[in-house]
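Colleague: Have a look at this one.
The values are calculated or read from the model by the stated rules, or taken from the named source; none is laboratory data. From a predicted model like this one, the values you see are computed outputs, not experimental measurements. Cβ placement follows ideal geometry from the backbone for every residue including glycine, while neighbour counts extend to all protein chains displayed. Surface accessibility is based on the protein's heavy atoms, side chains included, excluding ligands, DNA and RNA. Shrake-Rupley method; radii C 1.70, N 1.55, O 1.52, S 1.80 Å.
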Amino acid sequence: MIKIIFCILGPSGAGKSTIAKEVSKRLNIEIVVSYTSRPIRPNEVDGVDYHFVDNQHFEDNIDDFIEMREYQVYDGSIWKYGFKESSFEEDIDYLVVIETDGYNAFKRRFGEWALYPFLIESPVEDLYARTSKRGDNPQEIIRRIEDDIKKFENFAENEKCDIIMNCFNLEFAINLMTRKIRRMRNEI
């Protein structure tokens, strides 16, 4: 049995991956890296940020994916994302950076008791600034922010989760999540 999967959710640009990487280092919890067919961004590393594959990889391995989602982006391209079941072993805690659809698929696969969600929130202005700074296309930024607002509108009301604000002090957000996970792991 998997002990617990700490799920980090939030809109694009909220700092999910940055927070996950630092919490992973501090607590020695493995981050399960998802797969994507979107183009690699500058400063991303294959196998660290995502496993960058083509759309055919998703089709060829469809039975191994716990969840798979796709988006049609501003230029009409289809980008796929997903987590493979073979990435998870028993008796290990994990961190995952995940979307709401993936979270729901994980609930179906692992059971709600195995998941602990954290919702990372940031003001829209910060989301736009961070995604612009990393070089995302302005049209795609707007599409994602609008989509994310809809996805996360009622998430905290419908799911038992911790909300972590990442707006003024990234270190505070990292420390808060680290303390909460450390406490939870000590209680299990």
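Colleague: Using only the alpha carbons of the range 93-152, what is the convex hull's orientation-averaged projected area in square nanometres?
Modeller: The orientation-averaged projected area of the Cα hull of the range 93-152 comes to 4.9 nm².
Colleague: OK, next. Largest first, please: the extent of the C-alpha atoms of the range 1-133 along each principal axis, to the nearest Å.
Modeller: Sorted from largest, the Cα extents of the range 1-133 read 41, 35, 24 Å.
Colleague: Which of the GluC sites (Glu not before Pro) found in the range 85-172 are in a DSSP loop and have at most 14 neighbouring Cβ atoms, other than their own, within 10 Å?
Modeller: Here the sparse-neighbourhood loop sites are GLU89, GLU90, GLU153.
Colleague: Let me ask another. Per residue of the range 30-41, what does 6.51 cos²θ - 1.76 cosθ + 1.60 with θ = phi - 60° give for ³J(HN,Hα)? Whole Hz please, x for Gly and Pro, Karplus curve as stated.
Modeller: 5, 8, 7, 8, 7, 9, 8, 9, 6, x, 5, 8
Colleague: Express the C-alpha Rg of the range 124-177 as a ratio against the empirical globular expectation 2.2 N^0.38 Å, rounded to two decimals.
Modeller: Cα Rg divided by the expected 2.2 N^0.38 Å: 1.30.
Colleague: Give the cross-link partners of LYS151 among the lysines, using a straight C-alpha distance below 21 Å as the criterion and excluding same-chain residues fewer than 8 apart.
Modeller: Partners found: LYS16, LYS80, LYS107, LYS160.
Colleague: Report for the chain the percent antiparallel among DSSP-assigned beta bridges with both residues inside it, nearest 5.
Modeller: 35 percent
Colleague: What number comes out for accessible area per residue over the range 1-131 if the probe is 1.4 Å? Units Å², please.
Modeller: 47 Å²
Colleague: Considering only ALA173, ALA105, LEU127, whose Cα is most displaced toward the positive end of the charge dipole of the range 67-176, charges sitting on Cβ of Lys, Arg (+1) and Asp, Glu (-1)?
Modeller: So the residue furthest toward the plus end is LEU127.
Colleague: Pop out the ³J(HN,Hα) list for the range 135-149 in order, Karplus 6.51 cos²θ - 1.76 cosθ + 1.60 with θ = phi - 60°, rounded to Hz; leave Gly and Pro as x.
Modeller: Ordered by residue, 3J(HN,Hα) equals x, 5, 5, x, 5, 5, 4, 4, 4, 5, 4, 4, 5, 5, 4 Hz.
Colleague: Okay, moving on. Work out, step by step, the length gained on full extension between ASN175 and VAL124: first 0.36 nm times the residue separation, then minus their alpha carbon distance; give nm to one decimal.
Modeller: Answer, rounded to one decimal: 16.1 nm.
Colleague: Please give the charge dipole size of the chain, origin at the Cα centre, charges +1 on K and R Cβ atoms and -1 on D and E Cβ atoms. Round to the nearest 20 debye.
Modeller: 700 debye
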